[in-house]
1. Among the hydrophobic types (A, V, I, L, M, F, W, C) and either within 30 Å of B:Leu211 (Cβ to Cβ) or in contact with a strand residue (DSSP E or B) (Cβ under 8 Å, 6 or more places away or on another chain) (or both): which single residue out of A:Leu142, A:Leu150, A:Leu98, A:Leu160 fits that description?
2. Given the condition surrounded by 14 or more Cβ atoms within 10 Å (Cβ to Cβ), farther than 30 Å from B:Glu212 by Cβ, charged (D, E, K, R) and out of contact with any helix residue (DSSP H, G or I) (no Cβ under 7 Å at 6 or more places or on another chain), answer yes or no: does some residue in segment A:43-63 qualify?
3. Restricting to segment A:38-92, and then to whatever is of a type in the set (Ser, Thr, Tyr) and in contact (Cβ under 8 Å) with a residue 60 or more places away in the chain, can you tell me which residue is farthest from A:Ile184 (Cα to Cα)?
4. So, in segment B:77-111, of the ones that are within 14 Å of chain A (Cβ to nearest Cβ) and free of Cβ contacts under 8 Å to residues at least 24 places away in the same chain, which residue ends up nearest to B:Asn178 (Cα to Cα)?
5. State all residues of segment A:144-202 that are among the aliphatic types (A, V, I, L, M), part of a loop (DSSP other than H, G, I, E, B) and more than 10 Å from every other protein chain (Cβ to nearest Cβ); if no residue qualifies, say none.
6. For segment B:241-251, name all the residues that are more than 7 Å from chain A (Cβ to nearest Cβ) and in contact with a Ser or Thr (Cβ under 9 Å, 6 or more places away or on another chain).
7. Could you say which residue among B:Pro28, B:Pro43 is more than 24 Å from the chain's Cα centre (by Cα) and in a loop (DSSP other than H, G, I, E, B)?
8. What's the number of the condition B:Gln11 fails, among (1) touching a residue at least 40 places away in the same chain (Cβ under 8 Å); (2) surrounded by fewer than 12 Cβ atoms within 10 Å (Cβ to Cβ)?
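Each value in this text was obtained by applying a stated rule to the coordinates, not by laboratory testing. These figures come from a predicted structure and were not determined experimentally. Every residue, glycine among them, receives a Cβ derived from its backbone with ideal geometry; neighbour counts consider all protein chains shown.
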Amino acid sequence: MSRESDFYLRRLHSLLGVIPVGLFLTQHLVINHFATRGEEAFNNASNFMGSLPFVLFLEWFIIYIPLMFHAFYGVYIAFTAKNNVQRYGTFRNWMFMLQRVTGVFLVIFIAWHIYETRIQKALGAEVNFNMMEEILSNPFMLAFYIAGVLSATFHLANGLWSFAVTWGIAQSPRSQKIVSYITIAAFLVLSVIGIQALLAFV
Amino acid sequence: MTEQTTAVLEQQTAGKTVKFEIQRQDTPDSKPYMESFEIPYRPNMNVISALMEIRRNPVNAEGKKTTPVNWDMNCLEEVCGACSMVINGRPRQSCTALVDQLTQPIRLEPMRTFPVVRDLVVDREFMFDSLKRIKAWIPIDGTYDLGEGPRMPERKRQWAYELSKCMTCGVCLEACPNVNDKTNFIGPALLSQVRLFNSHPTGAMNKDERLETIMSDGGIGECGNSQNCVVACPKGIPLTTSIAAMNRATTVQMFKNFFGSDHMVD
């Protein structure tokens, strides 16, 4: 099923995962963190982001289009792999499988998340602290959101590692190991930021 | 080992048997099935000598006469790659799979990444075709004597020798989650061969051609970095380092192709 252009599509997929999708995720989690400073701080930050000039253009070209390509081509990649962690239970092989599992889960989570927030906003609802408080008052949704945030931070951190390898930045085993440690740190930091913000709504 | 100690070992292990579970397949299209065997133990036997014993006396564990198990072999010293099969779940060479080091029953299966010809015999043609695709050779022929090529530094030669140990056995393709019937991925071994031939001072004169091949269908883009290949390789070839090196080389090549360059081979 592979095509001549797969090499370039794969490279584009790797690049878009970091710029802009990875950058957007980091920014999103950081803005969410305003929730730990209370309702007003969060609503102010949310209003600021929502009223940026050219906001529709920014949303489409920095978020939706790159995210959709990354998501749909990623699903194709995920389902062309034949996972074999039973045969090779190595760290990297587990990361390989988890990257695909979190990726597919994120397509579902993000679709739901966009429906619940951005599409509701387009239909007239107001996206603010209260809205998130209401959503997360349901323990099942809280668990779903925690799983979503952890999947996203994992997928980004591990994706940064494979970005470094895929573009030939980390080549020797030692450099790949060092990048592993850096990305594990990135995963931990982003996860703490993301979870703290979620718990601020509870 | 002296003849005397072998004789002693034979005496001590007389009556001992070895159990095998072998996945059989009569024709390329027929359904595979399992067959058990129990054969007399001999000291220091490997999987191949066990298969030879089954061939000598093709009787299965139920005592019924059966067809001899088919397998491929050639060098018997782990340099040709022909006898590769999946032994107790892991792809490896059967010549260096010593019975004393394996848990029983010893399970033998063909490497199903490749088309099965019969029993444990697979057709690795895909790899040989890929070697042709990537031009895994040093072109030295011309219409006149081209003379000596550039000199290769000795330390580089020693390093390249490690990459040249690849015997196209197919174990890394069997281990790779991205080599399967849904992709045309040529596999880790072949990407490392591109690095080997592109490192050679004469081979480097065509390095852009090899890079462009692995930037096309089934090339390096299909690698998903599970890094199973480097774990599986029986020759300890640094396959993932080769892949990362080729990732860097193809990144540069991609920009050269797009923007144009006067430095395609240097």
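1. After ruling out the rest, the residue left standing is A:Leu160.
2. yes
3. Within segment A:38-92, the subset of a type in the set (Ser, Thr, Tyr) is A:46, A:51, A:64, A:73, A:76, A:80, A:88, A:90.
Subset that is in contact (Cβ under 8 Å) with a residue 60 or more places away in the chain: A:46, A:73, A:80.
Working: A:Ser46: 29, A:Tyr73: 25, A:Thr80: 26 Å.
Only one residue fits best here, namely A:Ser46.
4. So the residue we want is B:Gly89.
5. Here is the first cut: in segment A:144-202, the ones among the aliphatic types (A, V, I, L, M) are A:146-147, A:149-150, A:152, A:156-157, A:160, A:164-165, A:169-170, A:178-179, A:182, A:184-186, A:188-190, A:192-193, A:195, A:197-200, A:202.
When the remaining residues are screened for being part of a loop (DSSP other than H, G, I, E, B), the result is A:169-170, A:200, A:202.
Across segment A:144-202, the qualifying residues are A:Ala200, A:Val202.
6. Matches in segment B:241-251: B:Ser242, B:Ile243, B:Met246.
7. The conditions single out B:Pro43.
8. Tallying (1) touching a residue at least 40 places away in the same chain (Cβ under 8 Å); (2) surrounded by fewer than 12 Cβ atoms within 10 Å (Cβ to Cβ), B:Gln11 fails exactly one: (1).
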